[in-house]
Every structure is written in structure tokens, then in C-alpha cells.
Amino acid sequence: MSNGNTAARQTVRATKAIATRAALKKLNLATFKIQLILALILILFLTVAVLIAGLVAVISGGDQSDSFVGTGQAQVSAEVTQYRDAVFNELDQHGLSQYTELILALMMQESGGKGLDPMQASESFCGSVGCIQDAQTSIEKGVLHFKNVLDRTDGDIELTLQSYNFGGGFIDYVQSNGGAYTKDLAIAYSQMMYGKLAHTGNYTCHRPEAIEHQACYGDIGYVDAVLRYLPSALEVDSAALGEGTSSPLARELKVNSHYGYRVDPFSKVRTLHAGIDLACTYSDSIHAFKDGKVVYAGTASGYGNLIQIQHDGFITAYGHLDSIHVSNGQQVRSGEAIGYCGTTGASTGTHLHFEIKTELWKGHIDPRTYLGL
């Protein structure tokens with residue numbers, strides 16, 4: 001009997017062992033299936049996240065600071081245009097080809113594409129003017145200087161541009177005074193540096209505004225000067241421009257100076273004339289081009305007495321006025337008298353400097369077509 005019981009117990013144990021192994025096998029298989037399903041869910045989640053991130057980047061257009069660059073080609077001279085491919089290739093090596101038009105605008109302001117150092121990179125490269133003697137080296141060193149400044153400003157285009165002109169010390173100054181570029185900080189820094197270096201005789205004020213502030217180190221108007229060559233990131237509705245408009249002068253319009261590049265009568269440098277000059281006399285009143293809101297009424301460097309009016313999607317500007325008859329924030333109607341013709345500011349005689357643009361100080365377009373000229 002004992003042998004029979006022993007055999008029975010062994011049979012039971014063997015049966016249990018087989019059942020246990022079968023159960024464990026099923027459990028392991030189920031666990032593997034669960035792990036596989038979880039892995040597939042994770043992969044699917046990551047794929048969707050990447051697609052959403054890419055979609056957001058496309059919709060947002062990338063870094064907001066790039067909005068200064070706008071779309072389309074910079075409005076620069078043929079001398080600068082010839083360097084477009086060289087600038088693109090050099091920027092591309094640093095992964096910065098999206099700044100090609102900005103660099104061309106910078107070159108336009110620096111040299112107009114003339115000379116052996118069109119990016120005026122000698123001083124940042126070797127500490128003295130004139131050490132670069134060929135355009136390709138100028139582009140290489142100028143782009144490198146731009147990249148170094150851009151890296152330090154975390155992509156702040158205005159601070160980058162002003163620091164390209166002032167040098168890296170301006171970045172430290174801004175970071176110690178709020179951390180973001182402002183025109184007031186540019187003026188203050190230039191004043192400070194000019195006070196330290198005026199005795200060297202190496203610095204001269206080139207703008208009336210700089211003389212007024214005794215801010216003659218570098219160019220305090222450099223940011224606006226560069227950006228005016230760029231197409232605005234905003235688009236103008238051409239149809240809206242032509243609806244409900246009036247002539248800015250109650251007389252036949254005669255253009256004294258067209259929109260486009262010309263030799264500035266004061267600086268003697270070829271620059272973009274960002275509006276058109278219309279003949280008028282002190283007795284001629286100036287009229288609002290269209291219904292809008294006055295967003296600037298006062299004096300501005302070069303413009304003299306200036307009025308700027310915000311319309312739907314664009315701004316008109318009226319410069320060199322003898323007198324201003326509106327105030328900031330005032331609503332005006334198309335054809336309403338807003339001032340009188342004059343010759344204030346950087347002007348060679350009575351005329352109206354008239355501009356159409358997409359932003360307060362940039363995004364200029366040729367007004368001639370919209371005046372029927």
C-alpha cells in the first residue's frame with residue numbers, strides 16, 4: 001500500500017508541476033503581449049507629439065524675433081545684390097541662412113556693397129579699420145561677427161544689429177539695464193562711450209539726433225537704418241489702400257524726389273529714400289490720406305515736424321511740416337487738414353515727405369501708385 005500511495009503522490013506532484021509551468025508560460029506570454037502593446041502606444045504617442053510640434057513650428061513661423069526679417073528680398077542696390085549667393089553660403093555653414101536678407105540689408109547700411117570690405121568687418125576682426133582687403137574675407141568675418149553677437153543676444157534681432165555696430169559691450173550694458181534693446185539704451189550707451197572716447201578724435205556725429213544727444217559713438221539709428229531695407233513681415237491690403245482716400249495736398253501733385261535709392265543730400269551716402277517728396281509752399285495745407293488715428297505727432301530726427309496716422313493695415317507719414325494741427329490719439333477723416341507744408345528737419349526746401357508703410361518706423365512701400373502718379 002505504501003508504494004501505491006507514494007506513486008500516487010508523485011503523480012499528483014508531477015501533474016501540479018506541469019500545470020504550474022503551463023500557467024507560468026501563459027502568464028509570461030500575456031506579460032509580453034502587454035509590454036508590446038505598451039511599447040506600441042508609447043511609440044504612437046511620441047510620433048504624434050513630434051508631428052504636433054512640427055505643425056506648431058510651421059504655423060508660428062519659428063522664433064518671433066525673425067519677424068523683423070519679413071518675407072521676400074531686401075531692397076538693396078545692385079552692388080549689394082551681387083553678394084547674395086556668397087552671403088547665403090557663408091550663413092548656411094553656420095545654419096543661419098534664414099538671415100540672408102537681413103545681412104544684405106546690414107551690408108547696404110554699412111557700405112552699399114562698395115569697397116574691399118563691404119560688411120565693414122575689419123574692426124571686429126582685427127581691431128582696426130582697413131585690415132580686410134577682399135570681399136569674401138569681409139563676408140566670412142562679418143557673418144562670424146553677426147553669429148557671435150546673435151548667440152549672445154538669444155536671437156534678439158534689434159540688440160544683435162545694434163551690437164554689430166557698437167560691439168559686444170552693448171550686450172553687457174543692455175543685460176544690466178533690463179535685458180532688452182531699446183532706442184533709449186542705445187542713446188545712453190553711445191553717450192557714455194562718447195564721453196570716454198571723444199578726446200581720441202575718432203568719432204563724429206553723423207545724425208542730427210546724435211548731435212542733439214551728444215551720442216556720437218557708433219550709430220544710434222543703426223537698427224532702423226538696417227531694417228528699412230527689409231520687406232515687412234506684415235502684408236498690405238492693396239485694395240484697402242485705395243478705398244476712401246484723399247490727396248495729401250489740395251493741389252496738383254508734383255514729385256521732387258521719388259521713392260528709391262539716391263545720394264542723400266546731407267550724408268552724401270547712397271541710401272533708400274523711403275517716401276516721395278511732393279512740391280508745396282508754406283501756404284499749402286496737408287491732408288490725411290484716409291480715415292485713421294494719429295499715432296505720432298511731434299518732431300523726429302531728419303523728419304522735422306512729423307505726423308503718422310494708423311489706418312486699417314498700414315500707416316501714412318507726413319514729414320518736414322511747418323506746423324502740426326492734430327495730436328496723438330486723435331481720430332481724423334480722409335481729406336482732413338492736419339498741418340501745413342514746411343521745411344523742418346533735414347530738408348533742402350519746402351516740400352511734403354510722404355510715406356506709406358506697414359509699421360511705425362519700417363515696412364516702407366512706394367506711395368506713387370496709390371497717389372495716381
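Just to be sure, is L161 open to solvent by 60 Å² or more (accessible area, probe 1.4 Å), under 25 Å from H206 (Cα atoms) and among the aliphatic types (A, V, I, L, M)?
no
Of everything in region 186-216, what is loosely packed, with under 14 Cβ neighbours inside 10 Å and touching an Asp or Glu at 6+ places or on another chain (Cβ under 8 Å)? Give them in sequence order.
The answer is none; no residue qualifies.
Within the set of pairs 6+ apart or on separate chains, which have a first residue in region 327-339 that is open to solvent by 60 Å² or more (accessible area, probe 1.4 Å), a second that is β-branched (V, I, T) and outside any loop (DSSP other than H, G, I, E, B), and C-beta atoms under 6 Å apart?
N328/V294
Restricting to region 348-373, name every residue that is assigned to a loop (DSSP other than H, G, I, E, B) and either modelled with pLDDT under 95 or not hydroxyl-bearing (S, T, Y) (or both).
Matches in region 348-373: T348, G349, T358, E359, L360, W361, K362, G363, D366, P367, G372, L373.
Of these, L241, L234, which one is in a helix (DSSP H, G or I) and at pLDDT below 80?
So the residue among L241, L234 that is in a helix (DSSP H, G or I) and at pLDDT below 80 is L241.
Of the conditions (1) in contact with a helix residue (DSSP H, G or I) (Cβ under 8 Å, 6 or more places away or on another chain); (2) buried (at least 18 other Cβ atoms within 10 Å of the Cβ), N177 clears all except one; give me its number.
(2)
For residues in region 286-311 being in contact (Cβ under 8 Å) with a residue 60 or more places away in the chain and over 17 Å from E336 (Cα atoms), which is least open to solvent (accessible area, probe 1.4 Å)?
Only one residue tops the list, namely G302.
Quick grid of which residues meet (1) assigned to a helix (DSSP H, G or I); (2) within 28 Å of K268 (Cβ to Cβ):
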| residue | (1), (2) |
| --- | --- |
| T100 | yes, no |
| G115 | no, yes |
| P118 | no, yes |
| D154 | no, no |
| E158 | yes, yes |
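Can you tell me which condition S122 does not meet? The list is (1) open to solvent by less than 10 Å² (accessible area, probe 1.4 Å); (2) under 18 Å from G221 (Cα atoms); (3) touching a Ser or Thr at 6+ places or on another chain (Cβ under 8 Å), and all the others hold.
(2) is the only condition that S122 fails.
Quick check on D66: is it of a type in the set (D, E, K, R), part of a helix (DSSP H, G or I) and at pLDDT below 85? Steps first, please.
On the way: of a type in the set (D, E, K, R): yes; part of a helix (DSSP H, G or I): yes; at pLDDT below 85: yes.
For D66, the condition - of a type in the set (D, E, K, R), part of a helix (DSSP H, G or I) and at pLDDT below 85 - is met.
Can you spot a residue in region 151-161 that is more than 26 Å from S301 (Cβ to Cβ) and of a type in the set (G, A, S)?
Yes, the conditions are met somewhere in region 151-161.
Against the definition (within 25 Å of the chain's Cα centre (by Cα), open to solvent by less than 50 Å² (accessible area, probe 1.4 Å) and farther than 19 Å from G221 by Cα), how does T316 come out, yes or no?
On the way: within 25 Å of the chain's Cα centre (by Cα): yes; open to solvent by less than 50 Å² (accessible area, probe 1.4 Å): yes; farther than 19 Å from G221 by Cα: yes.
So T316 passes the test.
Out of S283, S247, which single residue is polar (S, T, N, Q), part of a loop (DSSP other than H, G, I, E, B) and open to solvent by 60 Å² or more (accessible area, probe 1.4 Å)?
From the options S283, S247, the qualifying one is S283.
The values are calculated or read from the model by the stated rules, or taken from the named source; none is laboratory data. Please read all numbers here as calculations on a predicted model, not as lab measurements. All Cβ positions, glycine included, derive from the backbone under ideal geometry; neighbour counts span all protein chains shown. To get the accessible areas, we keep the full protein, side chains included, count just its heavy atoms, and leave off ligands, DNA and RNA. Shrake-Rupley method; radii C 1.70, N 1.55, O 1.52, S 1.80 Å.
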